[in-house]
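Participant: Here it is, the structure in full.
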Amino acid sequence: MKSLRTFLCITLLAVALFSSQAIACTTMIVTPGATTDGSMLVAHSDDDELGDQRLVYVPAKKQEGARTIYSDFLNYPRIVTDDRGPAYNTPGHEPTSALAEIPYKEIWKLLGREQLTSFSYFDGNYGIMNEKNLMMGECTNGANFEPDPNPKRSSGKPQRLFYSSELSRIALENCTTAREAVKLMGALIDKYGYFSTGETLLVGDEKEAWVFEMCALPDSTYHSAWVAKRVPDGEYFVAANTFRIRDVIKNDPDNFQYSKHLLPGLKKLKWWDEKKQGTVDWLRAISPGEYNHPYYSLRRIWRNMDRVNPDLGLSPWVNNTYTRDYPFSIPPSKKLSPLDVFALYRDHYEGTEFDLTKGVAAGPYGDPHRFVGPYDGNQNNVDTEKKFYGAWERAISVFYQGYTFVCQTRPNAPEYTKGVLWFGPDVSATTCFTPFFSKMAQLPKPYQSGDPQKFDPSSAWWHFDLLANWSRLNFQRMTTVDIQPVQRELELKALKGVHAMDMVVAKQTPEQARQLVTEFSYNNAGKVLDRWRDLTFELIAKYSDGYINAPGQPVKVLGYPAPWLNETQYHNGPTTYEMK
């Protein structure tokens with residue numbers, strides 16, 4: 001691969017230089033018929049290593065002139081500009097160079113209507129949720145062709161202006177429904193071209209959700225391709241760094257849509273032979289399959305589906321990367337709540353043969369984290385000749401998560417409390433999900449700030465990253481005894497608070513309701529950060545120097561578990577003066 005993303009998982013220097021990113025994420029949809037209260041849930045873990053971890057509020061604005069398109073960076077700050085709210089006007093950094101500009105009239109033409117004022121939305125490394133409760137999730141996939149951006153069309157070289165990040169933002173700025181967003185993003189790709197890695201975007205509104213997948217094609221005319229499939233109501237969907245759409249269905253626009261370039265492009269490239277192969281298999285035609293190593297993606301798909309519906313008896317073992325053993329979506333054995341989705345994201349394969357809390361590699365205290373080294377190579381390696389020296393299982397909760405969120409649209413709630421973003425900075429297993437209403441007027445500063453290369457005690461991400469790292473001193477004891485009880489307490493309290501706000505805003509004016517949901521979100525987030533800071537300081541003292549040093553109790557010598565000692569050289573230590 002030609003770009004700097006080759007070095008993504010090798011060194012911290014790569015994170016500082018990286019442009020047009022590949023992020024190894026897990027993303028989910030739970031449709032209204034599959035949730036406990038009829039909500040639509042769209043969830044995402046942004047496993048971006050030490051990238052830009054900020055949650056940013058982008059205010060609504062008049063759409064005049066042209067929309068600037070950026071090839072934004074993974075590293076902090078992802079974008080520096082004064083046209084997307086104050087949080088992106090980052091002091092001390094040069095403005096981000098524009099890749100191109102597109103007149104708003106061109107966007108409106110593709111949209112099929114004028115949108116003179118944009119919608120406000122929450123933004124991360126990809127767009128997240130707007131004030132109309134349109135929701136997005138994302139994961140990166142390997143594709144057969146992953147070109148660099150190209151702002152100008154030239155002879156034999158097509159224009160390539162879009163990656164999924166800016167596509168998702170333009171959709172959130174202009175669209176109110178998932179179907180409308182699919183239509184707009186597909187039209188933008190068809191007209192202006194796509195670059196970089198393969199991508200999956202999940203797109204949901206109150207009533208329906210779509211899986212939108214895209215890639216570049218190595219042809220000057222048929223330059224890009226995309227497909228979109230609707231998730232049936234009553235079902236659960238998960239993607240984890242491999243394309244999940246298979247057969248391209250013709251003449252069913254209510255459930256399946258695709259690019260005008262797809263079929264002629266695949267024919268011209270000889271990636272698909274209609275006479276021999278019949279229906280296009282999207283995954284097989286345009287992708288090498290799994291993102292990194294065997295089971296890097298498929299194990300997570302199996303694990304989530306098996307937890308959601310164990311009665312299906314899905315096997316964790318498959319024959320190849322193009323397996324059809326895992327359905328596109330499944331009905332859950334019991335309906336899911338946001339708390340259930342939080343739990344899915346906190347998984348390390350506990351209780352299975354792949355349990356990362358067990359074995360010598362987990363150390364004496366059951367640490368499930370497995371750091372990536374240069375021997376692991378590039379995560380997004382599409383070279384079929386890649387040499388494997390070994391591999392760790394890839395858990396859903398992984399040490400390099402930047403943040404995780406669950407977007408929720410509640411159909412029976414008042415308009416100003418209908419949409420909720422549950423946001424957890426840093427690693428899923430040790431974070432606390434905090435609710436932000438989609439119609440709030442601004443976000444707390446701690447969630448919109450923080451450079452991951454400079455410790456900042458005022459940053460929400462640093463609050464959680466500090467405790468996540470400290471927890472690895474004694475992971476099992478610290479998480480089960482100390483961290484998880486506080487997680488449950490704060491998340492349950494927040495859930496009750498969200499429901500209480502339904503009654504508070506029910507008879508208020510729009511201005512009053514917006515003020516009230518903003519105040520609630522600020523106050524709750526502040527209490528969470530205060531409690532997490534206090535918990536961190538408590539645990540720094542309690543587990544200092546390998547002891548249990550609880551307040552008001554004698555210091556307890558902890559030592560190591562006997563099974564782990566038996567795997568070490570402990571028994572060969574100096575227990576006698578005799579020669580061995």
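Participant: Closer than 30 Å to Glu350 by Cα and in contact with a Lys or Arg (Cβ under 7 Å, 6 or more places away or on another chain): is that true of Leu535 in this structure?
Facilitator: no
Participant: Shifting gears a bit: Looking at segment 77-118 only, could you name the residues that are of a type in the set (Phe, Trp, Tyr) and out of contact with any strand residue (DSSP E or B) (no Cβ under 9 Å at 6 or more places or on another chain)?
Facilitator: The one that is of a type in the set (Phe, Trp, Tyr) and out of contact with any strand residue (DSSP E or B) (no Cβ under 9 Å at 6 or more places or on another chain): Trp108.
Participant: Would you pick out the residues in segment 96-116 that are part of a helix (DSSP H, G or I) and loosely packed, with under 13 Cβ neighbours inside 10 Å?
Facilitator: Lys105
Participant: With respect to Trp470, is the statement that it is under 21 Å from the mean Cα position of the chain (by Cα), among the aromatic types (Phe, Trp, Tyr), surrounded by fewer than 24 Cβ atoms within 10 Å (Cβ to Cβ) and farther than 26 Å from Leu336 by Cβ true?
Facilitator: No: the conditions fail for Trp470.
Participant: Please tell me if Trp272 is in contact with a helix residue (DSSP H, G or I) (Cβ under 9 Å, 6 or more places away or on another chain), surrounded by fewer than 23 Cβ atoms within 10 Å (Cβ to Cβ) and not hydroxyl-bearing (Ser, Thr, Tyr).
Facilitator: Taking the combined requirement at face value, the residue satisfies it.
Participant: So which residues in segment 481-512 are of a type in the set (Lys, Arg), farther than 30 Å from Tyr365 by Cβ and modelled with pLDDT of 95 or more, if there are any at all?
Facilitator: Result: Lys496, single match.
Participant: Go through (1) closer than 22 Å to Phe162 by Cβ; (2) of a type outside the set (Val, Ile, Thr); (3) surrounded by fewer than 22 Cβ atoms within 10 Å (Cβ to Cβ) and name the single condition Asp46 misses.
Facilitator: Only one criterion is unmet by Asp46, namely (3).
The values are calculated or read from the model by the stated rules, or taken from the named source; none is laboratory data. Computed from a predicted model, the values in this text were never measured in an experiment. FYI the Cβ positions are ideal-geometry reconstructions off the backbone, even for glycines, and counts take in every protein chain you see.
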